[in-house]
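Beneath this line is the structure, given in structure tokens, with notes to follow.
The values are calculated or read from the model by the stated rules, or taken from the named source; none is laboratory data. Only a predicted model underlies this, so the values are computations on that prediction, with no experimental measurement involved. Quick reminder, even Gly has a Cβ in these numbers, built from the backbone with ideal geometry, and neighbours come from all protein chains shown. These accessible areas exclude ligands, DNA and RNA; they are computed on the full protein's heavy atoms, side chains included. Shrake-Rupley method; radii C 1.70, N 1.55, O 1.52, S 1.80 Å.
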Amino acid sequence: MNAQDLWLRLRALFLRDKVEQELGDELDFHIEMQTGKNIAAGMNEENARRHARLHFGRPEEACRDERRINFFETLWQDVQYALRGFRKTPMFALVVVATIAVGLAVNTAVFTAFNAVALRPYDVRNPNELYALGVRGPHSFTLAEYEDLRSQQTPFSDVIGSEDKVYEIDGRRGVGLSVTGNYFEMLGVGAAFGRTLVPSDAANREPVVVLSHAAWRTWFAADPGILGKRLSTPENPIVVGVAREGFGGLEGDEANVIFWQPIKIGLQRGIDLYIVGRLKPGIGKAQAQAGLSVWTQHVAGYPAYLRSRETRLQFDINDLLGMSPIAVIFSLVLVMACANVTNMMLARAMSRQREIGIRLSLGAARGRLIRQLLTESTLLAVPAALLGIAISRVAIRASLYVLISVLPPEVAGALAMFSLPVDWRVFGFTMAAGVGSAILFGLLPALQATRPSVVQAARGDFGNEYRPSRLRNGLVAFQITICALLLIVAGVTLRGVIRSGSQDFGRVHDVLRIAVTDSSRATVLAQLESDPTVRVVAAVGYSRYVWAGETIQVALPDSSREYRTRYQYTSPEFFTGLDLPVLQGRNFTKEEAASKAPVAIVTLALAQQLWPDGAASGRSLRIVQQWNTPRPLPVSMTVVGVVRDTGDRLRGHIYFPTAVNDPGRAILVRTPGDPAQARRRILANLTALDDDVKVWSLRDDVSTFTTPIQIILWVTSTLAGLALVLTVSGIYGVLAYVVAQRRKEIGIRMALGASAGKVAAIVMKQSLRLAVRGLAIAMPIAWGIGRVLDSMVPDLKEMFRSIDPVVYLAVALAVLIVCLAASYIPSRRAAGVDPALTLRHD
Amino acid sequence: MRQDLLQGTLDLLILRTLQAGPLHGWAISERIQQISQDVLQVNQGSLYPALHRLEHQAWIKAEWGVSDLGRRARFYKLTAAGRKQLELETKSWDQLTEAIGRIMRLA
């Protein structure tokens, strides 16, 4: 493109009338000259002029093409035309925009979350070069090893180390990170104000911290005078700065991070460092892994293993495939919204039949008309996308608010600081989805409206092959199918939640779980036993949830068949303290607990799997030794007792004996009153003895275990609810349109003696027919998906029964009722047709 | 005998015709017809689009002027870039015709 070309194009675009006028003048001049020539050749004037025109043809359109702005010109015309149309039917435009916006909002909200964890890179310098270092085996890096790594020649240009620890400040819990001096410099993260940490801070006598921006805002109410104040953690450090907004480290729990402090031997443990290195330019991951393995083999005995720290979650293709069912469920709502709009557009296209027919018979190209109709849909989709983003913001806010108020405080606190921003990716996604749905809901009506037979239709000649209602009914049946599927998902989840609500966890409401470091175990136990309000009841293995312990494989001594079950170490007091009576056999004895005898207690579910004859106690059991089998477990065990089913009923639990003063065990205590208050009080008492002590309430443990299912229920119910609303409006729309269209026919029927009830029944029957069609497709699909899911993720069966006749029946009933209800108003309208009026109408 | 123009040769003929000086569309078509002794007939349906195309390529420039009969007409004139293009196309045209001629004589 050259300057003259650009000038001509701009001129053609903006001085359209003038350019057209010039073209007309130029061509007129030519005809004038030709006429003159013809006259000179002996024709009379009239004949000469006619001849000149005849031979001239119509070069205007070709000349316009040469301007190469036709695309924009046509677009501009189409946009203006569409806007004029919307102005005439504003309700139509509004309903379309709102429907699509809701469908887009649901998907945008999900994408926003996905974007925040998996797509948005960490806001640090060149995050693509950052890799977390691990080894393929159990090993934690010490500070000394970190120093050694830094002094070696490795594929890393620089390495940072950090260690996290949970702190409680004014009753709120968050993560404090102890980091190496080069941490901020290496990541290229500055301070919002004050300063960041520097290597010399570790040598300072005075302990210092840098607050995270999020913590400064939410925990310290954005106090502008925070610098120089001291935190109430055991070290009592001075705040020297607040880190740049949006930075929360890249250790994985950035939403929780309150502060960074320099790592110092003596004060922090320095025994479990999270190591992140920056790869030297030009070195690939595989090459770096090989290079680092030399070092890790030396210090840890295992090869090195690198994980990118560019984004919060590193997705591989399998993770994405695993997530795809979620994406499908959400996009179904958008597809339903599109189906609704398609039906509305079809109805609108029908009423524009005459206009389009005339344009076609006047020679408008079909492609040109389709393009115009698609422009119209896109024009509706763009505001829908913007509205969708706005709705998703509100929905995210609202659901976070609800989540925070129901979740246990420690999880809720992290959520409160988690940011889900709209960036260009979210914007782009929603816009693309919007335009995609415009094509989805616009193309079918556009093709339908411009098919060649429309020309006949414009003359009032409806041929036999002309069946617009088939398409519309098909769309509604399709909607009912999706709606039924979503209802089944919601129903299955609901049943799962009911089942999990009645799930037995034993006595949890007044039990606290205390984790102590082994060096202070004795003093802590003494303190607890001297407290009159507290009763030490048991010890359990140190795992996050008592009921969601690790799994191991067990087998009968003479059989190769292995059973996967959850295991837990428990002291004898566990079963009495948590109200879990021994149903068969006996409890562990004190001696067995102290000597870690090869005995076990199993839950009823596991006992029935292993010994269907019912007698479990006294039988022996083989522990399948694997790399992850805890070391002290003997190969052969004797089952001494069977207890009630709690926790995981599918896999069952197996309990091994332990004692309260065994190292590495958490202590369970019972204490009356509100567990949250009791937790704070005990934490305050024990922190003086062990500054690393942690206290949880079992009630919170259980609710963190059950809340995810609760959340799934809310999400699926919301989606099913939306689907239901869309279906109702879809059915209503189609029936109302059909009644309006068949007004004359209904009038004739009534004039011939059909009763109002019979006429209403016609409409209702049509609605039911659609419902049955939709259900007939949905049920086998749901059954098939359920079968596949069951075989793919057998774990799900524990909570969700995907093929649940009760749910299927309830959904079928609900869909039929809803379809009948949606046909109520249209059928009343049909019954109200006055034959005298309609028959006289044309 | 009337001949349809070979694809792409119209542009060359227009540029060549304009070498002598500015002309309007009608004059261009007349000039081509005359000089070719009525063998080449320029179809208006392709002449005007071609003129607009050449204008967009900045090989010619249009100006409004007054015709011999005192009427307002659009005159086209060769630009510097157009002159260069004409030289190029003339050369390749000569090569082409010579090559075809040789084949017709010798093949």
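List of remarks:
- In this structure, A:LEU719 does not satisfy being open to solvent by 60 Å² or more (accessible area, probe 1.4 Å) and touching a helix residue (DSSP H, G or I) at 6+ places or on another chain (Cβ under 6 Å).
- Considering the conditions (1) open to solvent by 10 Å² or more (accessible area, probe 1.4 Å); (2) in a loop (DSSP other than H, G, I, E, B), A:GLU592 is excluded by exactly one of them, (2).
- Scanning the range B:65-84 for residues that are among the small types (Gly, Ala, Ser) and out of contact with any Lys or Arg (no Cβ under 9 Å at 6 or more places or on another chain) yields B:SER67, B:GLY70, B:ALA73, B:ALA80, B:ALA81.
- Candidate set from the range A:436-485 (those that are open to solvent by 40 Å² or more (accessible area, probe 1.4 Å) and outside any helix (DSSP H, G or I)); member that is modelled with the highest pLDDT: A:PRO452
- A:ASP78 being more than 25 Å from A:THR35 (Cα to Cα), away from chain B (no Cβ under 14 Å) and either modelled with pLDDT of 80 or more or surrounded by fewer than 15 Cβ atoms within 10 Å (Cβ to Cβ) (or both): yes
- Within the range A:37-59, considering residues that are of a type in the set (S, T, N, Q) and open to solvent by less than 80 Å² (accessible area, probe 1.4 Å), the one nearest to the other protein chains (Cβ to nearest Cβ): A:ASN38
- When restricted to residues that are open to solvent by less than 20 Å² (accessible area, probe 1.4 Å), more than 16 Å from A:PHE29 (Cβ to Cβ) and more than 8 Å from chain A (Cβ to nearest Cβ), the range B:30-49 contains 1.
- Here A:GLN77, A:GLN34, A:GLN21 are screened, and the one residue that is part of a helix (DSSP H, G or I) and farther than 26 Å from B:TYR76 by Cα is A:GLN77.
- Positions within the range A:735-753 being part of a helix (DSSP H, G or I) and open to solvent by 70 Å² or more (accessible area, probe 1.4 Å), in sequence order: A:GLN741, A:ARG743, A:LYS744, A:ILE748, A:ARG749
- The range A:1-15 - residue that is part of a helix (DSSP H, G or I) and without any contact (Cβ under 8 Å) to a residue 24 or more places away in the chain and, of those, farthest from the chain's Cα centre (by Cα): A:GLN4
- When A:SER162, A:SER157, A:SER200 are screened for being open to solvent by less than 10 Å² (accessible area, probe 1.4 Å) and among the hydroxyl-bearing types (Ser, Thr, Tyr), only A:SER162 passes.
- Residue match in the range A:60-72 (condition: within 30 Å of A:LEU387 (Cα to Cα), away from chain B (no Cβ under 11 Å) and of a type outside the set (S, T, N, Q)): yes
- Residue that is farthest from the other protein chains (Cβ to nearest Cβ), among those in the range A:3-13 that are more than 14 Å from A:TRP76 (Cα to Cα) and open to solvent by 50 Å² or more (accessible area, probe 1.4 Å): A:LEU10
- Residues in the range B:55-64 that are within 15 Å of A:LEU27 (Cα to Cα) and either aromatic (Phe, Trp, Tyr) or open to solvent by less than 70 Å² (accessible area, probe 1.4 Å) (or both): 2 in all.
- Any hit, the range A:806-829, residues being outside any helix (DSSP H, G or I) and out of contact with any strand residue (DSSP E or B) (no Cβ under 6 Å at 6 or more places or on another chain): yes
- Residues satisfying the stated conditions in the range A:486-537, i.e. outside any helix (DSSP H, G or I) and under 30 Å from A:LEU713 (Cα atoms): A:SER502, A:GLN503, A:ASP504, A:PHE505, A:GLY506, A:ARG507, A:VAL508, A:HIS509, A:ASP510, A:VAL511, A:LEU512, A:ARG513
- If you go through the range A:14-36 and keep only what is surrounded by fewer than 18 Cβ atoms within 10 Å (Cβ to Cβ), within 13 Å of chain B (Cβ to nearest Cβ) and not acidic (Asp, Glu), you end up with A:LYS18, A:GLN21, A:GLY24, A:ILE31, A:GLY36.
- Of A:ARG348, A:ARG354, A:ARG307, all but one fail to be open to solvent by 20 Å² or more (accessible area, probe 1.4 Å), within 30 Å of A:PHE114 (Cα to Cα) and basic (Lys, Arg); the exception is A:ARG307.
- Only one entry of A:VAL124, A:VAL175 meets the criterion of being buried (at least 16 other Cβ atoms within 10 Å of the Cβ), among the aliphatic types (A, V, I, L, M) and in a loop (DSSP other than H, G, I, E, B), and that entry is A:VAL124.
- Condition check for B:ARG102: part of a strand (DSSP E or B) and either basic (Lys, Arg) or more than 12 Å from chain A (Cβ to nearest Cβ) (or both): no
- If the condition is being in contact (Cβ under 8 Å) with a residue 12 or more places away in the chain, among the charged types (D, E, K, R) and open to solvent by 40 Å² or more (accessible area, probe 1.4 Å), then the range A:666-705 contributes A:ARG670, A:ARG680, A:ASP691, A:LYS694, A:ARG699.
- Output for the range B:56-75, where each listed residue is under 13 Å from B:PRO22 (Cβ atoms) and at the interface with chain A (Cβ under 7 Å from one of its Cβ atoms): B:ALA73, B:ARG74
- The single condition from (1) over 17 Å from A:ARG665 (Cβ atoms); (2) open to solvent by 10 Å² or more (accessible area, probe 1.4 Å); (3) among the hydroxyl-bearing types (Ser, Thr, Tyr) that A:THR603 fails is (2).
- Residue, modelled with the highest pLDDT, within the range A:45-74, restricted to residues that are outside any helix (DSSP H, G or I) and among the basic types (Lys, Arg): A:ARG58
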